[in-house]
1. Which condition does Ala4 not pass, out of (1) at pLDDT below 95; (2) surrounded by 11 or more Cβ atoms within 10 Å (Cβ to Cβ); (3) within 16 Å of Leu72 (Cβ to Cβ), if it passes all the others?
2. Checking the condition among the hydroxyl-bearing types (Ser, Thr, Tyr) and either in a strand (DSSP E or B) or in the same structural domain as Val23 (by TED's automatic domain parsing) (or both), which residue from Tyr170, Tyr163, Tyr200 passes?
3. Return the residue satisfying two criteria in turn: it lies in the range 289-319 and is of a type in the set (Ser, Thr, Tyr) and assigned to a helix (DSSP H, G or I), and of such residues it is modelled with the highest pLDDT.
4. Kindly indicate which of Val220, Val136, Val177, Val168 is under 19 Å from Lys98 (Cα atoms), without any contact (Cβ under 8 Å) to a residue 40 or more places away in the chain and aliphatic (A, V, I, L, M).
5. Among residues belonging to the range 250-288 that are surrounded by fewer than 13 Cβ atoms within 10 Å (Cβ to Cβ) and modelled with pLDDT under 75, point out the one that is nearest to Leu213 (Cα to Cα).
6. Among Arg60, Arg29, which is part of a helix (DSSP H, G or I) and either charged (D, E, K, R) or crowded, with 20+ Cβ neighbours inside 10 Å (or both)?
7. Give the residues of the range 204-220 that are over 21 Å from Ile346 (Cβ atoms) and either assigned to a helix (DSSP H, G or I) or not assigned by TED's automatic domain parsing to the domain that holds His171 (or both), sorted by residue number.
8. Name the one entry in Glu74, Glu51, Glu38, Glu96 that is free of Cβ contacts under 8 Å to residues at least 40 places away in the same chain and of a type in the set (Asp, Glu).
Amino acid sequence: MAPATGSVRKRQGRGTTLMDEWVAEFIRRTILKISLSEALTTLKAWGFLSEGELQTLNLRPKELLAMEVVQLCEGKNATMKDAANLDFVFNHANSEKKSWSVYQMSKTSDSEIDFFDLSEYKLQFRKAIHSVSKNVTIHFKEFGEAVWIRIAWGKNHIQPNQYKPTFVVYHSQTPYVFVTNLGKSFRPLLCQALVVAASYSQIQELELKSRSLESLKDIVFKRFHQPFQSYHPRPLQEGNYNPAIVDPRVTYENMREKERIHHITRETFGDGQLPKLEFASYKLETTFKSTGAVPPRPEPYRCVVKFSSPHLLESIRSLARAGISDAPVSNLLTCIPQKARNIFKITEKQRALHPTPSQQPPL
């Protein structure tokens, strides 16, 4: 059963303070999720326990550490807000363990971006959520320029599930929002709250997903410095090419081909670090061209081609250099960061008038 705020069950702590049993259990389980190597760092970043209290903790075994942290929290009468702050710190440090989606907000007019007031943003966000459902807990925490929002959803007569919250990351003065662990039934309510709080009018989900939150930010904020442009071959200048042939058995033609591939790859991808994506999905849809002998098929043929790798863009960059593909690599693969998407739908030209899911009007 998930811990909930507002529980009437209390436990006696040290001294005369009381702490909700659900809060104690949630803190205990959160501590158990933290690796021993990161436990002290996480607890310091949490900031709820003093330096002296942290020095009294036994870091091994983890079960003993969790019990001692809970006892200290009982003495300080920790609340669900304090527990949520611990959850924030843990998930911020382990953001790559989640799958993130990107949403883009927009305005109907070209008005300037309003001055961002965090207090007003929190107020409007909570008001938009609680006007529809009171059975939701919402917490905020700032990490640098980013505002993290933690939302535990509840249903009728069911308390909010604190173990499966939605996390939202928003950078003020930008139209982008990063979301993880959002159920379909809660999506309309969250989207409405996001546009109201940030004074936008529309929002839509981009076809861009990854476990690397920072790489998603690099792509949509254009923080990478690689070319990522469609490659237009330019001939190598004879005077600029001076191959260092050490072994006379290596032919000049092979060296020129290797240099050509390196030249194209560098122009396409650059030499720097690439954003980290784990997959690219291509949904193909085509109709059968009847020759008369075979009756036409009313429904198009559909299939999905998916490329996956722990670091997909780096793998694509190495394809030509490893001799696996021709150079330049297909633009369908190299355009991923430039178009800020890794989910595509490819249809025939005559079907282009019908909107694809990514072309549907925003909510």
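1. Of everything listed in (1) at pLDDT below 95; (2) surrounded by 11 or more Cβ atoms within 10 Å (Cβ to Cβ); (3) within 16 Å of Leu72 (Cβ to Cβ), Ala4 misses just condition (3).
2. Numbers: Tyr163 fails: either in a strand (DSSP E or B) or in the same structural domain as Val23 (by TED's automatic domain parsing) (or both); Tyr200 fails: either in a strand (DSSP E or B) or in the same structural domain as Val23 (by TED's automatic domain parsing) (or both).
The unique qualifying residue is Tyr170.
3. Step one: of the range 289-319, the residues of a type in the set (Ser, Thr, Tyr) are 290-291, 301, 308-309, 315, 318.
If we keep only those that are assigned to a helix (DSSP H, G or I) as well, we get 315, 318.
Details: Ser315: 93, Ser318: 89.
My answer is Ser315.
4. Working: Val220 fails: without any contact (Cβ under 8 Å) to a residue 40 or more places away in the chain; Val136 fails: under 19 Å from Lys98 (Cα atoms); Val177 fails: without any contact (Cβ under 8 Å) to a residue 40 or more places away in the chain.
Sole residue among the options that is under 19 Å from Lys98 (Cα atoms), without any contact (Cβ under 8 Å) to a residue 40 or more places away in the chain and aliphatic (A, V, I, L, M): Val168.
5. Restricting to residues being surrounded by fewer than 13 Cβ atoms within 10 Å (Cβ to Cβ) and modelled with pLDDT under 75, the top hit is Asn254.
6. On the way: Arg60 fails: part of a helix (DSSP H, G or I).
Of the residues listed, the single one that is part of a helix (DSSP H, G or I) and either charged (D, E, K, R) or crowded, with 20+ Cβ neighbours inside 10 Å (or both) is Arg29.
7. Leu213, Glu214, Ser215, Leu216, Lys217, Asp218, Val220
8. Numbers: Glu74 fails: free of Cβ contacts under 8 Å to residues at least 40 places away in the same chain; Glu38 fails: free of Cβ contacts under 8 Å to residues at least 40 places away in the same chain; Glu96 fails: free of Cβ contacts under 8 Å to residues at least 40 places away in the same chain.
Answer to the check: Glu51.
The values are calculated or read from the model by the stated rules, or taken from the named source; none is laboratory data. What you see is a predicted model, and the numbers here were worked out from it, not measured in a lab. Cβ sites come from the backbone with ideal geometry, for glycine too, and all protein chains shown count toward neighbours.
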